[in-house]
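Read-outs throughout are calculated quantities, based only on the coordinates presented, and are distinct from any laboratory measurement. This structure is a prediction, so every number in the text was calculated from the model and none was measured. Because the Cβ atoms are built from the backbone with ideal geometry, glycine has one as well, and the counts that use them run over all protein chains shown.
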Amino acid sequence: ALPAKKSPAFGVAALTVDKKKSEAKKLKLAEDDAVGQELHQKLKDLRRRLAEDEDVPPYIIFGDVTLTALAVCKPRSHQELLEIYGIGTVKAERFGPAILRVIKEFRIGKRLDGSSCHFQLFFAANMR
């Protein structure tokens, strides 16, 4: 595993890649979470369109664990997006604006406020 490093977004220790993945896999959308399920579907549709544009399978754009983490955490900024498992600097630059636009439009339509994951607390708490 990679050593912990300072997170430029929040000034707290970032999770190692292995830890971040294991924590991301624990994120689940509740079956009765209609709002989360709806956003998950919108992000899945976006992934499919991006994959078609790139002529690659959807999992190359980002995997299901990343899709779920995006739907659960609903990042609001480029920095929060970088905290999502499966989103590195290249994917954030290439696909981030489209991802953030879908999430922002969804938030406005549903009148949601704030990120669902408190990134700083979520990642700092899991460093122990």
For the range 57-112, average projected area of the Cα convex hull in nm²: 3.6
Relative packing of 60-70, 80-90, 97-107, which averages over residues the other C-beta atoms within 10 Å, highest first: 60-70, 80-90, 97-107
